[in-house]
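J.: Here you go, one structure.
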Amino acid sequence: MSSYESRARQKADALKMSGHALILAVESSCDETAVAVVADGRRVLSNEIASQIAKHAQFGGVVPEIASRMHVEALDLLADQALQAAHVSPDDIDAVAVTNGPGLVGALLTGLSWAKSYAYARDLPLIAVNHIEGHVSANYVAHPDLEPPFVCLVASGGHSHISLVRDYGQYETLGRTLDDAAGEAFDKVARVLSLPYPGGPLLDRLAETGDDLAYSFPKPKLDNPYDFSFSGVKTAVIQMAHNLRQRGEEIRAADFAASFRRYVVDELTVKAVSAAWQAGVDKIAAAGGVASNMLLRRELTRRGQEAGMSVFLPPPILCTDNGAMIGSAGFYRLMRGEIAPLDVNAQPSRSA
Ligand code: KG4
Ligand code: ZN
């Protein structure tokens, strides 16, 4: 073991014994550069986010090379801002947590290299965090009393699944999308309705003014009752819009948005609540960018409560990518003694 690694291990063991740690957390898996300072996995002292959305919107989607370059430019300054906003100095930091996957490989490598250098220079333990585990952990910072077991509906631009969180770090996937992620489907349908990237939140707002019974879409038969499929409905919407345009008829965008949103949200919330019921847990949470969808929040709350469950929703700022969620997940990894060597690599497609 190198002298850095033995010092980092010693420090990690001492932190584990104490049950406390102040973590500097870095997230750069996609189009948000984010750095946060989190105490003991639950208390967010700062949560700085530099969004690249305006830049990528010019191209209609995330351009990986641009994302990597913008992360590199943002990281140093953002880390300074996060420390200042938290009113702590670099000497107060106990460990560095960083997302190492899944995500865009180049983007992940920028945050990972930055975090490795920071940890090495200051002899701090390095913690590699799974991005999806991070999303789930947003619930720990949003709800300080929430403890496993619970079921979490994770719906983001790249992932949609129903996860049974048995304990910290112990996940069982009860259902998942067989094709498009929910956020990806929202973004593609939004594009057909001429909404700019990322269309999910705009489609959500437009849907509030539409009739969700205007269009109906067939539900596919799936082997696992808790799996989802969104490619069929997405194609149906695109086809219908195309046909209307060809006939020169008006597209009632708000009705399309409302009907499509209703379909996706019903699929996600009905299945998440049934899966939680089946698993015998009485707590249900949501995570990921799509968890800020207004209808999803209303429906998960209604259906969860009707089934006698407590429902946990992070505020929208903790649903989309952020550093606080990585700091929380990192803390619980540290408490299990899970620190990473300096040669830890990015895992672009690893799932939770
Ligand atoms: O979790 P996230 O920030 O990044 C990933 O890890 O993918 O999720 C981003 C996704 C995008 O597809 C975005 O359109 C979607 O979440 N999203 C929404 C809403 N807010 C964000 N989709 C539907 N309704 C929203 N309000
Ligand atoms: Zn994400």
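J.: Please work out how many pairs of lysine residues in the chain are eight or more positions apart (or on different chains) and have Cα atoms closer than 28 angstrom.
T.: Within the chain, the lysine pair count is 18.
J.: If each Cα of the chain is one equal point scatterer, what is log10 of I(q)/I(0) from the Debye formula at q = 0.06 Å⁻¹?
T.: Results for the chain at q = 0.06 Å⁻¹ read -0.22.
J.: What would the Debye formula give as log10 I(q)/I(0) at q = 0.10, 0.12 Å⁻¹ for the alpha-carbon point model of segment 55-194, no solvent?
T.: -0.46, -0.66
J.: Leaving ligands, DNA and RNA out of it, rank C319, C30 by accessible area with a 1.4 Å probe, largest first.
T.: I get C30, C319, largest accessible area first.
J.: Measure off, as a whole percent, the carbon and sulfur share of the 1.4 Å-probe accessible area of the chain, all protein chains present.
T.: 51 percent
J.: Considering only DSSP beta bridges with both partners in segment 149-313, what is the antiparallel share in %, to the nearest 5?
T.: 60 percent
J.: Quick one, can you get me the convex hull of the C-alpha atoms of segment 235-352 expressed as volume per residue in Å³?
T.: Taking the convex hull of the Cα positions in segment 235-352, it is 168 Å³ per residue.
J.: Here is a further query. Enumerate the amide H contacts of D180 below 5 Å, restricted to partners 5 or more residues apart or on another chain; note that Pro and chain-start residues carry no placed amide H.
T.: Hits under the 5 Å cutoff: F230, S231.
J.: Can you tell me the alpha carbon radius of gyration of segment 149-313 divided by the globular rule-of-thumb value 2.2 N^0.38 Å?
T.: Taking the Cα Rg and dividing by 2.2 N^0.38 Å, one obtains 1.04.
J.: Might you work out the accessible area of M70 for me, using a 1.4 Å probe with all protein chains in place, and round it to the nearest 10 Å²?
T.: Result for M70: roughly 60 Å² accessible.
J.: Could you report segment 149-313's accessible area per residue, 1.4 Å probe, as an integer in Å²?
T.: 44 Å²
J.: A further question on this structure: Report the extension gain between R9 and S51 in nm, rounded to one decimal, defined as 0.36 nm multiplied by the number of residues separating them, less their alpha carbon distance.
T.: My answer for the length gained is 11.7 nm.
J.: Ordering W277, W114 by accessible area with a probe of 1.4 Å, largest first, what comes out?
T.: Greatest to least solvent exposure: W277, W114.
J.: Right, something else. Can you grab the distance from the C-alpha centre of segment 78-156 to the C-alpha centre of segment 228-296, Å, no decimals?
T.: Value for the Cα centre distance between the two parts: 30 Å.
The values are calculated or read from the model by the stated rules, or taken from the named source; none is laboratory data. Owing to the predicted nature of the structure, the values given are computational and were not obtained by experimental measurement. Keep in mind that these areas ignore ligands, DNA and RNA; they rest on the heavy atoms of the full protein, side chains included. Shrake-Rupley method; radii C 1.70, N 1.55, O 1.52, S 1.80 Å.
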